[in-house]
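Working notes, structure below.
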Amino acid sequence: MADKKRIMLIDNEEGLCRMMEAVLADSGYSVKAYVRSFEAVEEFRPGEWDLVVSDIKMPGMDGLEVLQRIKQKEPGIPVIMITAYATVEMSIQALRKGAYDMLTKPFEPEELLYRVKNAMKHTQLLAENRELREELVGKFRFDNIIGSSSALKEVLDKVEKIAFRDTSVLITGESGTGKELIAQAIHYNSLRKEKKFVAINCGALPETLLESELFGYKKGAFTGANSDRQGLLEAADGGTLFLDEVGNLPMNVQKTLLRFLQEQEFHRIGDTKPVKVDVRIISATNADLKLSVKDGSFREDLYYRLNVLNLHLPPLRERTADIPLLASHFIALQNRKFGTQIKGLDAEALDAVLNYPWPGNIRQLKNVVEASMAMESSDYLTAKGLSQFIEIHQHHHEDGVTSGIDESDYNRALSRFEMDYLKGLLRKSRGNIEMAAREAGMNMATIYRKIKKYNLRKEDWQ
């Protein structure tokens, strides 16, 4: 069938090669097996295969050379390496050359199928992410919304629905989660997209300056007002005004803004003539405005006017599947800007960024990547380099599996929590790794790695 996924198998052990071919073919894959690595590399053509599975120890051309040559022909294709002698050094060497995964002999057919399925899903997610980015560039005129997690897709689905409803939107979420980026996405997917998107940080200006910036002023309204000045609200006529950190608006500005939302008109400072404009207000806050309403620092009537439609952005720790994509995006941006050739994160660095809580969210990740790249002299960002900017808890590896952790009270408590949480996920999903990964907002490889890390067995969650 035309839609079958195509797999190239390379292993000089003919019996093992035929066994893998049969297992994969029975699962619906289109498979071709090679027992001579030279022949396989010679016949490999970009675009003809979805996955390569190759042994490392082979006569003539070994698996690492096979990997390198195939990646030269098609850099994006996933390659799973098989070895009976897995070591950390060999694993890192293979990963640096572009391997997607390592499979250690002996292995059960179920494990082979799981790794293959995971690699195929990874490829599909990358393709979907590329399509998503292209769609966002076309539809939203915005290419910095990076990710493929279910949490992000939920947000983007809401953005598409909210965009055409020409009413006020309040975006909530922690600092650094990308609230202004989502506000731009709403604007550029709305009927106002041909008009201006104007943004102001309400917490960055003193009260008197903020009022004049928003509403403008009449000549002579105060000392230094030597001519009439148009405010940002007027400048955004026909378009969108984005009020970032709206919880910092002083009371007098809240009152004027409320009048505008009710009447679609306002007065410049020092002017008696009302100004009518057609502007959509999108606001954002990392504070709890309900608490501000309770303590009297924010007007309740204004809160309900701004919060007609609400959009909450999840923190980065709840979208861990997006972290590798975001990191790769920031690395690519820095490479283009400074002409550097950093290829990505090595295995330990990837593990570190996936397990760090990122209190500063996407903004912090971006800053850490940029700072690490400035200090890095190798081809990959390392955990050692990252540790200059974030706290990394060291894990000890043996045979490619995390087997020990730092014995501090904090790490012991963290590991107990993580292990209990993982057991609960697996119990809830009845051992379905894909379902557990979706529930946790992680990728399947991370779940599988943690199962190995804590040496969990089926009886631990059944």
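The values are calculated or read from the model by the stated rules, or taken from the named source; none is laboratory data. Small disclaimer: the values here were computed from a predicted structure and weren't measured. Neighbour counts are summed over all protein chains in view; Cβ atoms, including those assigned to glycine, are modelled from backbone coordinates with ideal geometry. The accessibility values were calculated without ligands, DNA or RNA, using every heavy atom of the protein model including side chains. Shrake-Rupley method; radii C 1.70, N 1.55, O 1.52, S 1.80 Å.
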Meets criteria (crowded, with 17+ Cβ neighbours inside 10 Å, at pLDDT below 95 and touching a helix residue (DSSP H, G or I) at 6+ places or on another chain (Cβ under 8 Å)) for residue 269: yes
Within the stretch 281-300, is even one residue open to solvent by less than 60 Å² (accessible area, probe 1.4 Å) and touching a Cys at 6+ places or on another chain (Cβ under 7 Å)? no
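Going through the stretch 340-362 one residue at a time, which ones are outside any helix (DSSP H, G or I), open to solvent by 60 Å² or more (accessible area, probe 1.4 Å) and either within 19 Å of residue 95 (Cβ to Cβ) or modelled with pLDDT under 90 (or both)?
Step one: filter the stretch 340-362 for residues outside any helix (DSSP H, G or I), giving 340-346, 356-360.
From the residues that got through so far, the ones that are open to solvent by 60 Å² or more (accessible area, probe 1.4 Å) too are 341, 343, 357, 359.
Answer for the stretch 340-362, where residues must be outside any helix (DSSP H, G or I), open to solvent by 60 Å² or more (accessible area, probe 1.4 Å) and either within 19 Å of residue 95 (Cβ to Cβ) or modelled with pLDDT under 90 (or both): 341, 343.
Restricting to the stretch 34-51, give me the number of residues that are open to solvent by less than 20 Å² (accessible area, probe 1.4 Å) and either touching a Leu at 6+ places or on another chain (Cβ under 8 Å) or at pLDDT below 90 (or both). Don't jump to the end; show me each part of the working.
To start, the set of residues in the stretch 34-51 that are open to solvent by less than 20 Å² (accessible area, probe 1.4 Å) comprises 34, 37, 40-41, 44, 51.
Okay, now just the ones that are also either touching a Leu at 6+ places or on another chain (Cβ under 8 Å) or at pLDDT below 90 (or both), so 34.
Count: 1.
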Of all residues in the stretch 334-382, which are of a type in the set (S, T, N, Q) and closer than 27 Å to residue 175 by Cα? 334, 335, 355, 361, 364, 367, 372, 382
Of all residues in the stretch 232-274, how many are part of a loop (DSSP other than H, G, I, E, B) and of a type in the set (A, V, I, L, M)? 2
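Which of the residues that make up the stretch 447-462 are outside any loop (DSSP other than H, G, I, E, B), more than 19 Å from residue 113 (Cβ to Cβ) and either at pLDDT 80 or above or touching an Asp or Glu at 6+ places or on another chain (Cβ under 9 Å) (or both)?
Taking the stretch 447-462 as the starting set, the residues that turn out to be outside any loop (DSSP other than H, G, I, E, B) are 447-453, 458-460.
Checking which are more than 19 Å from residue 113 (Cβ to Cβ) leaves us with 450, 453, 459-460.
450, 453, listed by residue number.
Just need a number here: residues in the stretch 298-317 that are among the polar types (S, T, N, Q) and assigned to a strand (DSSP E or B). Lay out the reasoning, then the answer.
First, pick out the residues of the stretch 298-317 that are among the polar types (S, T, N, Q): 307, 310.
Remaining after also requiring assigned to a strand (DSSP E or B): 310.
The qualifying residues number 1.
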So, first residue free of Cβ contacts under 8 Å to residues at least 40 places away in the same chain and farther than 15 Å from residue 125 by Cα in the stretch 324-337, second residue surrounded by fewer than 20 Cβ atoms within 10 Å (Cβ to Cβ) and among the polar types (S, T, N, Q), Cβ within less than 7 Å, six or more apart or across chains; the pairs are 334/340; 335/341
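From 21, 89, which residue is at pLDDT below 90 and of a type outside the set (Gly, Ala, Ser)?
Details: 21 fails: at pLDDT below 90.
Only one candidate qualifies: 89.
Is there a residue being touching a strand residue (DSSP E or B) at 6+ places or on another chain (Cβ under 7 Å) and among the hydroxyl-bearing types (Ser, Thr, Tyr) anywhere in the stretch 237-252?
As a first pass, look at the stretch 237-252 and keep what is touching a strand residue (DSSP E or B) at 6+ places or on another chain (Cβ under 7 Å): 239-247.
Subsequent filtering for residues that are among the hydroxyl-bearing types (Ser, Thr, Tyr) retains 240.
Yes, there is a match, as at least one residue in the stretch 237-252 is touching a strand residue (DSSP E or B) at 6+ places or on another chain (Cβ under 7 Å) and among the hydroxyl-bearing types (Ser, Thr, Tyr).
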Do the conditions hold for residue 338, that is, is it touching a Lys or Arg at 6+ places or on another chain (Cβ under 6 Å) and not polar (S, T, N, Q)? no
Matching entry among 215, 197, 164 (being open to solvent by less than 10 Å² (accessible area, probe 1.4 Å), touching a Leu at 6+ places or on another chain (Cβ under 9 Å) and not aliphatic (A, V, I, L, M)): 215
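Report, by residue number, each residue of the stretch 69-93 that is polar (S, T, N, Q), in contact with a strand residue (DSSP E or B) (Cβ under 8 Å, 6 or more places away or on another chain) and open to solvent by 10 Å² or more (accessible area, probe 1.4 Å).
Step one: of the stretch 69-93, the residues polar (S, T, N, Q) are 72, 83, 87, 91, 93.
From what is left, the residues that are in contact with a strand residue (DSSP E or B) (Cβ under 8 Å, 6 or more places away or on another chain) are 83, 91.
The one that is polar (S, T, N, Q), in contact with a strand residue (DSSP E or B) (Cβ under 8 Å, 6 or more places away or on another chain) and open to solvent by 10 Å² or more (accessible area, probe 1.4 Å): 91.
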Do you know which residues across the stretch 194-228 are closer than 30 Å to residue 155 by Cα and in contact with a strand residue (DSSP E or B) (Cβ under 9 Å, 6 or more places away or on another chain)? 195, 196, 197, 198, 199, 200, 201, 202, 203, 204, 214
What residue, of 66, 31, is at pLDDT 90 or above and either open to solvent by 80 Å² or more (accessible area, probe 1.4 Å) or part of a helix (DSSP H, G or I) (or both)? 66
Go through 178, 173, 138, 220 for me and flag whichever is at pLDDT below 85 and farther than 21 Å from residue 256 by Cβ. 138
